[in-house]
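Inspection log for the structure reproduced underneath, given as structure tokens.
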Amino acid sequence: MIVKAFVLKQHSIGKIASLIGSGTIAVIRPQRTIEGMFREAIRKTIQEKKSAKEDLEAIRKYFLDMAVNPAYVQMVEKTIDTISTYLREAMYVQTSSIAIEDYVMAKCARLCAEAVNQHVQGKLLDGTELMICSSDSKGEQHFDWNASKQQITARCKGSGPLVISGGYGRLTSGYIVRVGKDGAHMMAALIAAVLKAETIEFHVEAHGVEGLSAITYDEAAHYCASDRAPFSSYAIWPAKNAGIPILVKDIEDEQFEGTLISTGSSHKTAVLADKDLDLITVYGTGLLGRVGMSGAIFSCLASAGVNVRFIAQTSSEYSISFAIRTEEKERALTAIRSLFKDNPLLPLDDVVVLNQAVGIVTVFGSRMRNLPGTSGAVYSALGNAGINIIASAQGGEELSISVVVAAADVDKAANVIAK
């Protein structure tokens with residue numbers, strides 16, 4: 001048995017169907033274009049309190065253009081009408097915008113799965129029936145592995161093709177929720193792990209993993225932490241734990257054989273660049289020897305909904321630096337300043353410094369492990385190119401080195417290191 005995850009595009013539907021044969025479980029997710037169309041309809045209705053009729057008509061046409069039988073046409077018409085009614089009613093109800101988006105986007109994923117299943121005539125499953133989540137006392141959702149395993153085992157039976165809508169699960173209360181970042185790929189990996197599949201294939205909108213022929217699970221996890229990655233690191237751990245290889249293929253390029261992610265070793269290093277970041281540094285005597293100070297800083301950021309992309313702390317305990325998305329800057333600064341203001345035990349000399357417009361360049365690969373001079377080569381190359389390093393960090397597993405540089409130097413730094 002093979003589990004495959006696909007990004008559905010109108011022009012690729014025939015190719016996708018041809019790759020789904022007997023013994024294949026296919027998890028389907030929408031392309032970003034149609035997701036954007038749905039989100040615009042939601043935004044216009046909920047935030048602007050305006051009619052999204054034109055947006056919904058464009059969405060209706062998108063799916064009807066893929067119709068090959070009357071049953072699918074009827075299903076599209078009914079689903080779009082249901083979404084339209086739901087959005088109109090949601091305009092006047094105190095409902096979380098996240099809950100609204102999750103419900104509508106799950107319908108989008110279902111429409112995509114139905115579109116593919118027209119061609120393969122397999123068994124269709126709604127992914128929200130497989131992925132079970134729970135909610136804690138703070139209202140945060142968590143994936144329930146045991147409950148989902150039971151559903152997968154019970155429902156994913158038979159030798160014929162199985163087509164599943166990906167990316168969304170269901171709380172025990174019945175509410176639809178998104179399964180992490182890009183949950184369709186994680187869903188495919190979880191299904192493969194439960195059913196002990198031979199392999200997993202991710203057909204994505206990218207040239208595999210940086211065009212590489214093979215990398216390890218750990219290397220892939222580093223790469224997929226970047227926003228530019230075609231799928232999330234969350235999709236890797238179920239496959240790694242089950243020892244199932246992942247083949248990442250380019251849905252647009254049939255000539256590319258794909259990137260194999262497995263327990264083997266690769267012979268190359270890769271370079272990633274992240275932009276649109278700011279660096280915040282907290283320093284002062286209040287950090288010296290104070291147990292729990294780092295935890296307090298990052299806990300307050302988490303409570304503010306700020307995702308930390310990079311961390312560096314000096315051994316003197318005098319400073320902590322962390323990178324965050326530029327759009328999260330104000331929330332991060334407000335949270336940190338409130339922490340210092342409200343804590344009477346902290347000295348007055350603690351300072352918060354903001355470095356705006358920075359980027360992170362990361363070089364990763366298993367070749368770096370136990371290889372003397374790797375860090376020196378990276379720093380020397382940047383120094384010789386006249387690039388200033390604002391902050392840096394290296395993982396203890398010796399798989400990656402990340403440097404923070406000015407945004408204007410990111411591309412140059414990536415090119416210098418790649419050479």
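The values are calculated or read from the model by the stated rules, or taken from the named source; none is laboratory data. Just so it is clear, the structure is predicted and the values come from calculations on it, not from any experiment. Glycine gets a Cβ as well: all are built from the backbone with ideal geometry, and neighbour counts include every protein chain shown. Quick note on the areas: whole protein, heavy atoms, side chains included, nothing else; ligands and nucleic acids left out. Shrake-Rupley method; radii C 1.70, N 1.55, O 1.52, S 1.80 Å.
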Debye intensity ratio I(q)/I(0), log10, segment 1-118, q values 0.10, 0.19 Å⁻¹ (C-alpha model) = -0.32, -0.98
inquiry  = If I model a spin label at Leu371 and His142 as a point 7 Å from the Cα along the Cα→Cβ vector, what separation in nanometres do I get?
reply    = 3.9
query = What residues have an amide H closer than 5 Å to that of Leu125, excluding those fewer than 5 places away on the same chain, when H is modeled at 1.01 Å from N in the peptide plane?
reply = Val163, Ile164, Ser165
task = Could you look at the chain and say what percent of its accessible area is carbon and sulfur, using a 1.4 Å probe and all protein chains?
result = 50
request  = Quick one: pull the percentage of alpha-carbon pairs in the chain with a separation above 38 Å.
outcome  = 30
request  = Over the chain, calculate the relative contact order: mean separation of alpha carbon pairs under 8 Å at least 6 apart, over the residue count, as a percent.
outcome  = 13
request  = Report, in degrees rounded to the nearest 10, the 0 to 90 angle that the Cα long axis of helix 97-120 makes with the longest principal axis of the chain.
outcome  = 50
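May I ask what percent, to the nearest 5, of DSSP beta bridges between residues of the chain are antiparallel? Walk me through the numbers before you get to the answer.
Working: 43 of 72 bridges.
The antiparallel fraction comes to roughly 60 percent.
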key: Rounded to whole Hz, the Karplus (6.51, -1.76, 1.60) HN-Hα couplings of segment 310-325, x for glycine and proline   = 7, 9, 9, 10, 6, 5, 6, 6, 8, 8, 10, 10, 8, 9, 9, 4
note = Between Ala385 and Ala225, the two model label points (7 Å from Cα along the beta-carbon direction) sit apart by a distance in nm of 2.1
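Which of the peptides 376-386, 169-179 is most tightly packed, and how do the rest follow, going by the mean number of other Cβ atoms within 10 Å of each residue?
Numbers: 376-386: 14.1, 169-179: 18.1.
So the order, starting with the most tightly packed, is 169-179, 376-386.
Work out, step by step, the length gained on full extension between Asp65 and Asp253: first 0.36 nm times the residue separation, then minus their alpha carbon distance; give nm to one decimal.
Numbers: separation 188, 0.36 × 188 = 67.68 nm, distance 2.33 nm.
Residue separation times 0.36 nm, minus the Cα-Cα distance, leaves 65.4 nm.
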message = Tell me the mean residue ellipticity at 222 nm calculated for the chain from its helices only (DSSP H runs of n ≥ 4, each -39500 (n - 2.57), averaged over every residue, nearest 500).
response = -12000 deg cm²/dmol
query = Cα centroids of segment 381-419 and segment 84-110: how far apart, whole angstrom?
reply = 43
inquiry  = Cβ neighbours within 10 Å, averaged per peptide: list 308-317, 196-205 in order, most packed at the top.
reply    = 196-205, 308-317
ask   = Can you give the accessible area of Glu89, probe radius 1.4 Å, in Å² rounded to 10?
value = 110
message = 5 Å is the cut-off here: which amide hydrogens, built 1.01 Å from N in the peptide plane, fall below it relative to Thr199, excluding neighbours closer than 5 in sequence?
response = Val3
message = With angles folded into 0 to 90 degrees, how steeply does helix 374-384 sit against the dominant principal axis of the chain? Use alpha carbons for both and round to 10.
response = 80
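Please report, largest first and rounded to whole Å, the three semi-axes of the ellipsoid equivalent to segment 276-419, where each semi-axis is the square root of five times an eigenvalue of the C-alpha gyration tensor. Before the final figure, lay out the partial values.
Numbers: eigenvalues 174, 57, 35 Å².
Values for segment 276-419, descending: 29, 17, 13 Å.
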remark   = Semi-axes (Å, rounded, descending) of the ellipsoid equivalent to segment 130-265 per its C-alpha gyration tensor are 26, 17, 14
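So with the 1.4 Å probe, I'd like the accessible area per residue for segment 252-337, rounded to whole Å².
Details: 4310 Å² over 86 residues.
Per residue, segment 252-337 has 50 Å² of solvent-accessible surface.
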remark   = The set of residues whose placed amide H lies less than 5 Å from the amide H of Ile132, leaving out same-chain residues fewer than 5 positions away, is Asp144, Ser148, Arg170
inquiry  = Output wanted: per-residue J couplings in Hz (rounded whole) for segment 15-23, from phi through Karplus 6.51 cos²θ - 1.76 cosθ + 1.60, θ = phi - 60°, x for Gly and Pro.
reply    = 5, 4, 4, 5, 8, 10, x, 4, x
